[in-house]
Amino acid sequence: MSAAKRSATRRRTAYAATTLVLATGGPTMLGFVSAVGPFWALLLLPGIAAILAAAIMQIVQLHRDNKRLSSEEEQRTDARQRFRDAFKPLAEYTAKLPSHTYAERSLLLQNVAQAATISLYMLISPHIKDVRANVFVLDDNPDRMTWLSHTGRGTTPRAFESGTARGDAALAFVERHEPAFYPDLTTHRPDGYEGSMADYETFISVPIWAEGSVYGMVSVDAPLKNTLSIGDQYLVELVADHLATAFAVANMEPPPPSPTSEASA
């Protein structure tokens, strides 16, 4: 729990305890009014004041709770709207793939990949400065993986070449079909990592694969360690799953003409 959340929790606890003391103390004082004789006012007035104070504090707390709930609902609505706006172009480009020829689909994948990195950038950049989203694709020669699109920080990502520690590690990674998240590269690095640490100190990578076919990977990185979160990993996984569908559709060969259609021709 963050320091701000702990402080807020302590304030709420103290407020609730004070309200409880006033709510119980007021009636208790009134109960002893008849027993103190001429000094009844010493208990009556404070008792009434305590009850009124407890009631006011209850009303104030209800107002705060309603205001907080309203604010939280607005935040949820804004988050859902951002999510919709970020993913809509990706869904639209993917939906267009089946209506194009096999040759055209491979070209349209560039648009799909660009929409994917823009989506991730739109959702992650508001809370992480200089984040970069990348889509890498396996070339026809499976010994190389190059970037297809990237959005965010201007540095162009390098290709992964077999025969190098970095390239072999990346190519082996996508074959495992598992996500990877390194919050702090200064203390824990993947095998084969050759980064200079001058460009980014944290990254998330998720392979793009479907039905045993591997197409590449999606990655997000940021300059400062411990800025990416597990929630960001879930977003990258979602984009990778969506891209797997797009790549699978784009790589579907058109069915051969049936004998019936050839005869009728």
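The values are calculated or read from the model by the stated rules, or taken from the named source; none is laboratory data. Quick caveat: nothing in here was measured; it's all calculated off a predicted structure. FYI the Cβ positions are ideal-geometry reconstructions off the backbone, even for glycines, and counts take in every protein chain you see. Side chains included, ligands, DNA and RNA excluded: accessible areas come from the protein's heavy atoms. Shrake-Rupley method; radii C 1.70, N 1.55, O 1.52, S 1.80 Å.
Observations on the model:
- Considering residues of segment 58-87 that are basic (Lys, Arg) and either more than 16 Å from Val236 (Cα to Cα) or open to solvent by less than 60 Å² (accessible area, probe 1.4 Å) (or both) only, the residue modelled with the highest pLDDT: Arg80
- Some residue of segment 174-183 being out of contact with any strand residue (DSSP E or B) (no Cβ under 6 Å at 6 or more places or on another chain), surrounded by fewer than 17 Cβ atoms within 10 Å (Cβ to Cβ) and assigned to a loop (DSSP other than H, G, I, E, B): yes
- Of the listed requirements (1) open to solvent by less than 60 Å² (accessible area, probe 1.4 Å); (2) assigned to a helix (DSSP H, G or I); (3) modelled with pLDDT of 90 or more, Val206 misses just one: (2).
- Scanning segment 216-235 for residues that are in a helix (DSSP H, G or I) and open to solvent by 30 Å² or more (accessible area, probe 1.4 Å) gives Ile230, Gly231, Tyr234, Leu235.
- Restricting Ile118, Ile128 to residues that are in contact (Cβ under 8 Å) with a residue 12 or more places away in the chain, open to solvent by 40 Å² or more (accessible area, probe 1.4 Å) and within 30 Å of Pro223 (Cβ to Cβ) narrows the list to Ile118.
- Looking only at segment 112-140, residues that are in contact with a strand residue (DSSP E or B) (Cβ under 9 Å, 6 or more places away or on another chain) and over 30 Å from Lys225 (Cα atoms) come to 1 in all.
- Leading residue by the ranking (surrounded by the most Cβ atoms within 10 Å (Cβ to Cβ)) among those in segment 139-154 that are over 26 Å from Phe83 (Cα atoms) and within 26 Å of the chain's Cα centre (by Cα): Met145
- Across segment 91-98, a minimum of one residue is classified as of a type in the set (Val, Ile, Thr) and at pLDDT 70 or above.
- Residue pairs whose Cβ atoms lie under 7 Å apart, sitting 6 or more positions apart in sequence or on different chains, and linking a residue in segment 83-99 that is within 14 Å of Met252 (Cα to Cα) to a partner that is of a type in the set (S, T, N, Q), are Thr94/Thr245.
- Scope segment 236-246; condition surrounded by 18 or more Cβ atoms within 10 Å (Cβ to Cβ) and more than 13 Å from the chain's Cα centre (by Cα); matching residues: Ala240, His242, Leu243, Ala244, Ala246
- Inside segment 187-202, residues that are open to solvent by less than 70 Å² (accessible area, probe 1.4 Å) and assigned to a loop (DSSP other than H, G, I, E, B) make up a count of 8.
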